Every structure is written in structure tokens, then in C-alpha cells.
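Computed from the coordinates by the stated procedures, all read-outs in this text should not be read as laboratory data. Keep in mind that what you see is a predicted model, and the values were worked out from it rather than measured. Note that each Cβ is placed from the backbone with ideal geometry, even for glycine, and that neighbours are counted across all protein chains shown.
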Amino acid sequence: QIQFCTKYQTKMPQKTHSLVVIGAGAPRTGTVSQKVALELLLGQPCYHMGEALGLHNSRRHIPMWIQAVESGLSKSLADEILGNYSACVDYPTASFYKELMQHYPNAKVILSVRDTNSWVESMQSSILKAMHTMERFPRPLKWLLGIGQADKMIDAVFRREFGDNYNLADSEFMARQFEERNDSIRRVVPSERLLEFRVSDGWAPLCQFLNLPVPDKPFPRLNDRKQVERALNIMTAITYVSDALATASCIGLAVWIGRRFLN
């Protein structure tokens with residue numbers, strides 16, 4: 001099964017926890033580093049897109065996130081998905097930060113940010129390429145790999161975030177959406193409940209915001225670009241193999257038909 005950020009995927013927890021932190025920042029803003037940092041601070045699992053697409057959750061969680069986009073994220077649905085986590089970052093949860101704030105009124109909100117142009121480049125070199133590659137997968141292959149509706153879920157979340165006509169390849173559009181989205185979060189979330197955070201800030205502001213002691217270890221600055229590139233290479237190779245097998249099957253079928261009916 002193809003998984004994203006699986007190196008940092010949390011094994012399915014057994015105990016139920018209350019959500020303490022809501023990550024409202026967009027993908028590619030250091031969310032993997034935040035996930036690991038929050039798990040170190042809280043001692044409990046943090047939900048991330050890698051969890052939604054991971055081995056333990058994907059067949060259950062992907063349909064539930066599609067349901068959330070189409071019908072809304074109710075408290076019962078949020079509890080069902082996130083009941084075993086103390087924090088969440090990245091999409092799909094970041095797209096529902098308003099609903100999560102209502103469902104978990106004691107949770108604090110972290111808006112992770114980065115330079116706009118570097119964010120656009122990162123989105124286009126990772127998520128855009130992954131979406132284009134998954135579009136080429138035959139449906140039976142998606143089912144076999146356990147990502148049957150993954151592209152549908154990701155597309156649904158992006159439509160919710162950026163509109164039906166969103167275009168990740170349009171750099172100006174994406175830059176504008178990123179900045180407008182961040183400004184909207186700053187307006188919506190009460191200042192006492194919000195931390196604007198860059199991974200380069202390290203432990204100090206995060207620990208102060210959460211009223212927790214600073215760990216005696218370096219802040220986890222994890223660059224998952226290489227892992228994303230590795231996953232994309234695997235996906236591309238699978239696409240080439242599936243295309244070759246499909247072509248070979250068609251040729252074989254044509255030869256069989258020719259021999260069966262034309263001789």
C-alpha cells in the first residue's frame with residue numbers, strides 16, 4: 001500500500017484522548033515537524049494526512065472525510081475520526097478548523113506559515129505531482145494499493161478550500177489563496193487562542209503557548225521532501241508498469257481475437 005509520510009505515521013492508538021491542539025496551517029508548512037513535536041510534548045498521537053492515508057486508517061477514514069466535505073463535520077463524526085488523538089495538523093483536519101474549534105472549545109489553534117513563494121513551489125513539486133500521478137492509476141490498481149478514494153478525498157478537500165475551479169499549477173492563484181486563507185484564520189481565531197508559528201521558531205513559542213516545559217532535545221526539523229520524491233518515483237514506476245501491462249493485455253487480446261475469428 002502506498003502511504004504518504006509513513007515514516008512518521010503513528011501506530012493506531014488504543015486510548016481515547018481529548019483534542020488539545022488544532023493545526024490550521026496548510027500542507028507543506030512544516031506539518032510533519034509539528035506532528036512529531038506535538039507528539040513529544042503531549043505524549044499522545046497527532047493526526048496528519050499521513051494518518052488518513054496510512055495502513056491503519058485509510059479504508060475507514062477516507063470515506064468519512066469525503067462525508068465530512070459533502071455533509072459537514074459533525075461532533076460525532078469528528079469524535080469517531082479523532083477520538084484517539086490529542087492534536088491534528090495538515091489537511092484534511094486543517095480544512096475543518098472552524099468546526100473543530102466549536103467541537104473542542106478548549107483546544108488551541110496553531111497557524112503554521114512559511115514564505116508564500118516557497119510554499120507554492122513546494123505544493124507544486126509534491127502534492128500536484130502526486131495528484132496527477134494517482135489520476136493515471138487504473139481503478140483496480142487503486143483498490144489493490146488501498147488508495148481507492150484517496151484522490152477523491154484530496155480533490156474534495158481542495159475544492160472546499162480553494163473552490164471548484166482551483167488550479168494548483170497556477171502559481172499566482174495559489175499564492176493568493178494561501179495568503180487570503182492565512183488572513184482569514186487570523187481574523188476568525190481569537191488572539192488568545194491562536195499561535196502563528198514557523199518551524200524555525202523552535203520549542204520556545206510552542207511550549208509557552210501550550211504551557212508546557214521545553215524538552216531537553218532539539219526541535220524536530222524534518223524535511224520530508226526526499227520521502228515525497230521517493231513516493232512519487234514509486235508511484236510513477238507503478239504507473240509505467242500498469243500502462244505496460246495494459247498495453248500487453250490489449251495486444252494479447254487482439255492477437256487472440258485475430259487467431260480465433262480471422263483465421
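Cross-link list LYS75/LYS152; LYS108/LYS217; LYS152/LYS217; LYS98/LYS217: which exceed 28 angstrom alpha carbon to alpha carbon? Write down the numbers at each step before the final one.
Values: LYS75/LYS152 23 Å; LYS108/LYS217 24 Å; LYS152/LYS217 39 Å; LYS98/LYS217 33 Å.
Table pairs above 28 Å Cα-Cα are LYS152/LYS217; LYS98/LYS217.
If we count other beta carbons within 10 Å of each Cβ, what is the order of CYS207, CYS88, CYS46, fewest first? Let's see the in-between values first.
Details: CYS207 16, CYS88 30, CYS46 27.
Neighbour counts put them in this order, fewest first: CYS207, CYS46, CYS88.
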Residues of segment 24-56 with amide nitrogen under 17 Å from the 7 Å Cα-to-Cβ point of LEU128?
-> 27-29
Quickly work out the GLU70-to-TYR166 label distance, labels modelled 7 Å from Cα along the C-beta direction, and quote it in nm with one decimal.
-> 1.8 nm
Non-local residues with an amide H under 5 Å from the amide H of ALA24, with H modelled 1.01 Å from N and Pro and chain starts lacking one, are ILE110, LEU111, SER112
ARG60 and ARG221 label points (each 7 Å along its Cα→Cβ direction) are spaced in nm at 3.7 nm
